[in-house]
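See structure below.
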Amino acid sequence: MFILAIAIQKGGSGKTTTAQALGVGLAKLGRRMLLVDADPQASLTEARGVTDAAGRSLAEVLGGAQPGHLSMGEILRPLGERLSLVPSDIALAVTEMGLVSRMGRENVLKRALATVEPDLDVTISDCPPSLELLTVAALTAARGQSVLDDAPDNKQAQSYWNLARVVDQWLPNAQA
Ligand SMILES: Nc1ncnc2c1ncn2[C@@H]1O[C@H](COP(=O)(O)OP(=O)(O)OP(=O)(O)O)[C@@H](O)[C@H]1O
Ligand SMILES: [Mg+2]
């Protein structure tokens with residue numbers, strides 16, 4: 001399975017739009033796609049019309065200080081023939097705070113995705129506009145493969161540099 005993370009610290013820069021467009025487009029081209037909404041804002045979840053994710057979202061899979069009590073398979077929503085969504089909910093913000101004290105926190109999403117890997121070709125995670133633990137977990141799952149738009153202005157260039165530093169800091173510590 002090919003895993004991507006759409007990540008940058010700058011808000012409103014097209015992360016969710018890019019994740020959605022890539023997911024829908026690649027599914028149309030025949031790939032078995034999974035979109036992971038790793039943002040507590042749940043913009044991708046809302047955009048795909050899922051309104052009842054509370055209690056059955058990525059938050060319940062990742063857990064927080066303790067492991068979650070649901071599996072990826074239990075929360076995954078089919079959206080089309082080859083397109084599924086792991087929905088988000090505001091509870092994911094609490095997850096992120098709990099992860100601070102969890103051993104192996106950067107690997108939580110990678111481990112959860114491994115359980116659905118055989119059924120998928122590509123997974124795309126939509127990250128929040130921050131470089132905190134949810135983004136670190138998405139980047140770790142993607143082994144640092146992220147999608148950035150081109151022609152950055154000065155603020156975006158600084159965001160890219162910050163992102164590169166996070167990848168450099170965390171990926172050597174991630175389990176292969
Ligand atoms: N290529 C584009 N051209 C013009 N507008 C765009 C483009 N991509 C996204 N937008 C618009 O920019 C706004 C922000 O996009 P989006 O929600 O994808 O950003 P985001 O980076 O996910 O935001 P956040 O950081 O809050 O998660 C939306 O109104 C979206 O419709
Ligand atoms: Mg977004």
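The values are calculated or read from the model by the stated rules, or taken from the named source; none is laboratory data. Keep in mind that this is a model prediction, so the values were computed, not measured. Glycine gets a Cβ as well: all are built from the backbone with ideal geometry, and neighbour counts include every protein chain shown.
Residue-by-condition table, conditions (1) farther than 22 Å from VAL167 by Cβ; (2) in contact with a strand residue (DSSP E or B) (Cβ under 8 Å, 6 or more places away or on another chain):
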residue	(1), (2)
ILE3	no, yes
LYS15	no, yes
GLY23	yes, yes
PRO40	no, no
SER43	yes, yes
GLY63	yes, no
PRO67	yes, no
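When GLY63, GLY73, GLY104, GLY80 are checked against the criterion of being surrounded by 15 or more Cβ atoms within 10 Å (Cβ to Cβ), more than 16 Å from ligand 2 (Cβ to nearest atom) and farther than 23 Å from GLN9 by Cβ, a single residue qualifies: GLY63. Residues in the stretch 23-39 that are over 13 Å from ARG82 (Cβ atoms) and either modelled with pLDDT under 90 or more than 13 Å from ligand 1 (Cβ to nearest atom) (or both): VAL36 only.
Of all residue pairs spaced 6 or more apart or on separate chains, those with beta-carbon atoms under 8 Å, a first member in the stretch 123-145 that is among the charged types (D, E, K, R) and a second member that is away from ligand 2 (no atom under 15 Å from the Cβ) and assigned to a loop (DSSP other than H, G, I, E, B) are ARG143/ALA174.
Of the numbered criteria (1) in contact with a helix residue (DSSP H, G or I) (Cβ under 7 Å, 6 or more places away or on another chain); (2) crowded, with 17+ Cβ neighbours inside 10 Å; (3) of a type in the set (D, E, K, R), the one GLU132 fails is (2).
Residues are listed down the side, and each one gets a yes or a no for (1) of a type in the set (Asp, Glu); (2) closer than 21 Å to ALA114 by Cβ; (3) away from ligand 1 (no atom under 13 Å from the Cβ); (4) modelled with pLDDT of 95 or more:
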residue	(1), (2), (3), (4)
GLN41	no, no, no, yes
ALA53	no, no, yes, yes
ARG56	no, yes, yes, yes
LEU70	no, yes, yes, yes
ALA93	no, no, yes, yes
MET103	no, yes, yes, no
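Restricting attention to the stretch 114-130, the residues that are among the hydrophobic types (A, V, I, L, M, F, W, C) and within 12 Å of ligand 1 (Cβ to nearest atom) add up to 1.
Residue count for the stretch 22-45 satisfying the condition of being in a helix (DSSP H, G or I) and within 15 Å of the chain's Cα centre (by Cα): 5. None of GLY49, GLY80, GLY55, GLY63 is over 17 Å from ALA137 (Cα atoms), touching a residue at least 40 places away in the same chain (Cβ under 8 Å) and out of contact with any Phe, Trp or Tyr (no Cβ under 7 Å at 6 or more places or on another chain) except GLY80. Being within 13 Å of ligand 2 (Cβ to nearest atom), assigned to a loop (DSSP other than H, G, I, E, B), within 14 Å of the chain's Cα centre (by Cα) and not hydrophobic (A, V, I, L, M, F, W, C) is a condition met by at least one residue of the stretch 83-93.
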